[in-house]
Structures are given as C-alpha cells and as structure tokens.
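A short reminder: the numbers here are calculations on the coordinates, not readings from a lab. Just so it is clear, the model here is predicted, and its values are computed rather than measured. Using ideal geometry, Cβ is built from the backbone for each residue, glycine included, and neighbour counts are taken over all protein chains shown.
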Amino acid sequence: MAVRAITFDAYGTLIRNESLRLIAQRIVADHRLPVRIADVFETWIDLYLEATQQTPFRRLREIQHTILFELTTKVELYPEVPGVLGALGGRRAAIVSNADHEHVAAWTFPLPVEFVLVSEDVGAYKPDRRVFQRAVERFGLEPHEVLHVGDSDVDDVSGAKAAGLPVAWVNRAGRRRRPDVPAPDFEIADLTELLLIL
C-alpha cells in the first residue's frame, strides 16, 4: 500500500478520556441500577451518534451538557502516541475529529501533525464523508493515498470507507464490529501495531 499520509481520530485513538466511562459507573452506583455499566455507556454512545447526525449541524457544546463538556476536555494521550507519531517515517499526518475548536484549545500537549480538522470546520460529523474528503483535499492527495486510523467502527470505519480511504480500526477493547459496518482494511489493538502495517 502506497500510504503518503495518515489521518488520526482524536478521542479513543490518540487521546484517552476515561471520564465518560466513570459517568456510567456513577449513574449505575448512585441509582443502584440493575444494569451493566457497559450497557449504560453503550446507550450513551448510541445517543451521541444519533445526536451528531441530526440536521442542522450543532456544535458539540450545544449537544453536550456543560458538565459533559468539561469531562470531555480533561484528557491525556495514550502512552504509545508520542513514539508512534514520531516514527511515521516522514509521512504526513493530521487529526480528524468530531470535536469543536474549544476541545482542541483545551489540549495541554503538542501533537506533531500538519493540521487538526474538527467537525466544526466542516459543519458535519463523522461518519459523514465530507469530513474525510476535506482532509484529503487539505493534503492535496487522492483518497486511496490517505490511511485513516480511528477507534469507532461507525464514525471512523464506515465514514472513511465511504469516502474511499483505507482504514485501520483501533480496537483497544476487542469490541465486535456492528453488523452494518464494512470491514476495515486493518484491525489493530493499539497504535504500536500501526507501524507494522505501514
């Protein structure tokens, strides 16, 4: 594969934020619910996916309650990220994220990428193909030359495949892919495995 550039999803791929899982844990504990914490978290993810696909476009700040916004901006990098980004061998890199500029402004770490493209810039959220097309245009390349790396089977795998990009699905938790999602070109457990496929 002649990969000339790589786009990375931010949250769940490069950036770790366990706060959302803690919210689900707290809801179950506080209300003594007879449900699994994972089920509450998955329900939140489903509602998030639904909300980000409604029109007209709304910024995440408008979708999320203020408390959730604060939690989604207190983040850190996964441990392998600096080493992997530094070992891309001269390949161009960018971040493509379902985020607002406020999210990016809250990051307290540098990322050696050419650009950060957020949904607010495009007026659409992944999996909308326009997000990936905009990234490809910014690189000045063809879709097949840009590998997208992301952790969401819907946002990242479906969206990038629909836009003609090859995809590496970062499946840190060993989740099952949804039946309506196309197979990724690669499935990796963390970003260190990305270096093996480049």
Averaging sequence separations of C-alpha pairs under 8 Å and six or more residues apart, then dividing by the length of the stretch 127-198, give the relative contact order as a whole percent.
-> 27 percent
To the nearest 20 debye, what is the magnitude of the charge dipole of the chain about its Cα centre, counting +1 on the Cβ of each Lys and Arg and -1 on the Cβ of each Asp and Glu?
-> 80 debye
Computed FRET efficiency, Cβ-Cβ of Glu137 and Glu18, R0 35 Å: what is it to the nearest 0.05?
-> 0.55
By the C-alpha gyration tensor axes a ≥ b ≥ c (rounded if a/c is under 1.5, else prolate when a/b exceeds b/c, else oblate), the shape of the stretch 50-198 is rounded
Once you have the Cα-Cα distance between Leu195 and Gln53, take 0.36 nm times their residue separation minus that, and quote the gain in nm to one decimal.
-> 47.9 nm
Cα-only radius of gyration and Dmax that characterise the stretch 76-140, units Å | 12.5, 32
Quick calc, Arg91 & Gln25: beta-carbon distance into FRET formula, R0 25 Å, rounding 0.05, result 0.05
Take every Cα pair under 8 Å in the chain that's 6+ residues apart, average their separations, divide by the length, and report that relative contact order as a whole percent.
-> 24 percent
Most exposed first by the Cβ proxy, i.e. fewest other Cβ within 10 Å, how do Arg178, Arg172 rank?
-> Arg178, Arg172
